[in-house]
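Data block below; observations after.
The values are calculated or read from the model by the stated rules, or taken from the named source; none is laboratory data. A quick note: this is a predicted structure, and the numbers were derived from the prediction, not measured. Because the Cβ atoms are built from the backbone with ideal geometry, glycine has one as well, and the counts that use them run over all protein chains shown.
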Ligand code: ZN
(Lines give C-alpha, C1' and ligand atoms only; values in the text may rest on other atoms or scores of the structure.)
Protein backbone atom coordinates (compact mmCIF):
# COMPACT_ATOMS: atom_id res chain seq x y z
CA UNK A 1 0.00 0.00 0.00
CA UNK A 2 2.85 2.42 0.75
CA UNK A 3 3.96 2.23 -2.89
CA UNK A 4 0.52 3.35 -3.98
CA UNK A 5 0.58 6.17 -1.43
CA UNK A 6 4.00 7.21 -2.75
CA UNK A 7 2.63 7.26 -6.28
CA UNK A 8 -0.35 9.37 -5.17
CA UNK A 9 1.99 11.77 -3.36
CA UNK A 10 4.09 12.05 -6.52
CA UNK A 11 1.03 12.87 -8.64
CA UNK A 12 -0.12 15.56 -6.19
CA UNK A 13 3.35 17.13 -5.99
CA UNK A 14 3.74 17.00 -9.78
CA UNK A 15 0.47 18.88 -10.30
CA UNK A 16 1.39 21.36 -7.55
CA UNK A 17 4.82 22.11 -9.07
CA UNK A 18 3.70 22.02 -12.72
CA UNK A 19 0.03 23.00 -12.69
CA UNK A 20 -1.88 22.16 -15.86
CA UNK A 21 -4.06 24.70 -17.69
CA UNK A 22 -2.72 27.57 -15.64
CA UNK A 23 -3.76 31.05 -16.81
CA UNK A 24 -6.78 33.09 -17.82
CA UNK A 25 -9.38 33.19 -20.59
CA UNK A 26 -10.93 36.29 -22.10
CA UNK A 27 -14.29 37.10 -20.48
CA UNK A 28 -16.64 37.17 -22.26
CA UNK A 29 -17.04 34.76 -23.99
CA UNK A 30 -15.53 32.73 -21.12
CA UNK A 31 -16.96 32.79 -17.61
CA UNK A 32 -14.84 33.66 -14.59
CA UNK A 33 -15.72 32.21 -11.18
CA UNK A 34 -13.87 32.78 -7.93
CA UNK A 35 -13.70 30.35 -5.04
CA UNK A 36 -12.30 30.96 -1.58
CA UNK A 37 -11.62 28.61 1.31
CA UNK A 38 -11.30 30.80 4.42
CA UNK A 39 -10.28 27.83 6.59
CA UNK A 40 -6.96 27.57 4.75
CA UNK A 41 -6.71 30.80 2.74
CA UNK A 42 -6.95 29.01 -0.61
CA UNK A 43 -8.08 31.11 -3.57
CA UNK A 44 -9.04 29.67 -6.95
CA UNK A 45 -10.23 31.46 -10.07
CA UNK A 46 -11.70 29.17 -12.72
CA UNK A 47 -12.23 30.31 -16.31
CA UNK A 48 -14.55 28.14 -18.37
CA UNK A 49 -15.58 28.33 -22.01
CA UNK A 50 -18.26 26.21 -23.65
CA UNK A 51 -18.75 25.20 -27.24
CA UNK A 52 -22.29 23.90 -27.42
CA UNK A 53 -22.51 21.07 -24.88
CA UNK A 54 -18.72 20.73 -24.55
CA UNK A 55 -16.46 22.33 -21.98
CA UNK A 56 -14.08 23.53 -24.68
CA UNK A 57 -11.52 25.24 -22.47
CA UNK A 58 -10.63 25.76 -18.82
CA UNK A 59 -7.94 27.83 -17.13
CA UNK A 60 -7.08 28.10 -13.47
CA UNK A 61 -5.41 30.83 -11.49
CA UNK A 62 -5.06 31.51 -7.79
CA UNK A 63 -2.90 30.40 -4.92
CA UNK A 64 -3.08 28.28 -1.81
CA UNK A 65 -1.91 25.03 -0.30
CA UNK A 66 -0.60 22.09 -2.31
CA UNK A 67 -3.89 20.17 -1.97
CA UNK A 68 -6.05 23.01 -3.30
CA UNK A 69 -3.72 23.82 -6.19
CA UNK A 70 -3.00 20.25 -7.26
CA UNK A 71 -6.70 19.37 -7.04
CA UNK A 72 -7.48 22.30 -9.35
CA UNK A 73 -4.79 21.18 -11.80
CA UNK A 74 -5.96 17.55 -11.75
CA UNK A 75 -9.53 18.75 -12.26
CA UNK A 76 -8.64 20.92 -15.24
CA UNK A 77 -6.83 18.03 -16.92
CA UNK A 78 -9.78 15.70 -16.26
CA UNK A 79 -12.56 17.93 -17.61
CA UNK A 80 -11.04 19.94 -20.48
CA UNK A 81 -12.68 19.14 -23.81
CA UNK A 82 -15.28 16.85 -22.23
CA UNK A 83 -19.06 16.99 -22.65
CA UNK A 84 -20.52 19.14 -19.89
CA UNK A 85 -22.81 16.28 -18.81
CA UNK A 86 -19.69 14.12 -18.27
CA UNK A 87 -18.02 16.97 -16.37
CA UNK A 88 -20.98 17.18 -14.01
CA UNK A 89 -20.80 13.42 -13.46
CA UNK A 90 -17.07 13.67 -12.69
CA UNK A 91 -17.78 16.47 -10.19
CA UNK A 92 -20.38 14.26 -8.47
CA UNK A 93 -18.00 11.29 -8.39
CA UNK A 94 -15.14 13.34 -7.00
CA UNK A 95 -17.30 14.90 -4.30
CA UNK A 96 -18.46 11.43 -3.32
CA UNK A 97 -14.80 10.41 -3.01
CA UNK A 98 -14.33 13.37 -0.65
CA UNK A 99 -17.27 12.47 1.57
CA UNK A 100 -16.60 10.96 4.97
CA UNK A 101 -19.03 8.14 5.65
CA UNK A 102 -19.19 7.83 9.41
CA UNK A 103 -21.98 5.30 9.24
CA UNK A 104 -19.99 2.75 7.24
CA UNK A 105 -20.63 0.11 9.86
CA UNK A 106 -24.37 0.41 9.50
CA UNK A 107 -25.77 -1.62 6.68
CA UNK A 108 -28.47 0.96 6.00
CA UNK A 109 -27.72 3.66 3.44
CA UNK A 110 -24.56 1.96 2.24
CA UNK A 111 -22.92 4.57 0.00
CA UNK A 112 -22.47 3.70 -3.64
CA UNK A 113 -18.80 2.73 -4.05
CA UNK A 114 -16.67 5.10 -6.08
CA UNK A 115 -15.03 3.57 -9.14
CA UNK A 116 -11.43 4.69 -8.65
CA UNK A 117 -10.36 3.46 -12.08
CA UNK A 118 -12.85 5.84 -13.69
CA UNK A 119 -11.19 8.70 -11.81
CA UNK A 120 -7.69 8.11 -13.19
CA UNK A 121 -5.16 10.44 -11.58
CA UNK A 122 -7.93 12.04 -9.51
CA UNK A 123 -7.77 8.95 -7.30
CA UNK A 124 -4.51 10.39 -5.96
CA UNK A 125 -6.58 12.77 -3.85
CA UNK A 126 -8.50 10.04 -2.05
CA UNK A 127 -6.05 10.11 0.87
CA UNK A 128 -7.25 13.64 1.67
CA UNK A 129 -10.45 12.23 3.13
CA UNK A 130 -8.36 10.98 6.07
CA UNK A 131 -7.70 14.62 6.96
CA UNK A 132 -11.16 16.22 7.17
CA UNK A 133 -9.73 19.74 7.58
CA UNK A 134 -8.20 19.41 4.10
CA UNK A 135 -11.36 18.24 2.32
CA UNK A 136 -12.45 21.83 1.68
CA UNK A 137 -9.03 22.44 0.11
CA UNK A 138 -9.54 19.51 -2.28
CA UNK A 139 -13.15 20.36 -3.19
CA UNK A 140 -12.69 24.14 -3.60
CA UNK A 141 -11.89 24.06 -7.34
CA UNK A 142 -14.69 21.54 -7.95
CA UNK A 143 -17.35 23.61 -6.21
CA UNK A 144 -16.11 26.65 -8.14
CA UNK A 145 -16.34 24.74 -11.43
CA UNK A 146 -19.84 23.51 -10.59
CA UNK A 147 -20.92 27.12 -10.05
CA UNK A 148 -19.35 28.01 -13.40
CA UNK A 149 -21.29 25.29 -15.21
CA UNK A 150 -24.51 26.62 -13.69
CA UNK A 151 -23.68 30.09 -15.01
CA UNK A 152 -22.80 28.71 -18.45
CA UNK A 153 -26.20 27.07 -18.76
CA UNK A 154 -28.08 30.25 -17.82
ZN1 LIG B 1 -5.80 24.49 1.61
Residue pairs within 8 Å by beta carbon, gap of at least six or interchain, first lying in region 54-67 and at positive phi and touching a residue at least 40 places away in the same chain (Cβ under 8 Å), second more than 8 Å from the ligand (Cβ to nearest atom) and part of a strand (DSSP E or B), listed first then second, are 64/43; 64/44
Flagged in region 25-51 as more than 15 Å from the ligand (Cβ to nearest atom) and farther than 23 Å from residue 85 by Cα, in numbering order, are 26
Going through region 126-140 in order, the residues found to be out of contact with any helix residue (DSSP H, G or I) (no Cβ under 9 Å at 6 or more places or on another chain) and more than 10 Å from the ligand (Cβ to nearest atom) are 130, 132
Check your understanding: If we scan region 84-98, do we find a residue that is closer than 18 Å to residue 144 by Cβ and either in contact with a strand residue (DSSP E or B) (Cβ under 7 Å, 6 or more places away or on another chain) or part of a strand (DSSP E or B) (or both)?
Key -> yes
Filtering region 62-79 for residues that are under 20 Å from residue 150 (Cβ atoms) and either at pLDDT below 95 or surrounded by fewer than 18 Cβ atoms within 10 Å (Cβ to Cβ) (or both) leaves a count of 0
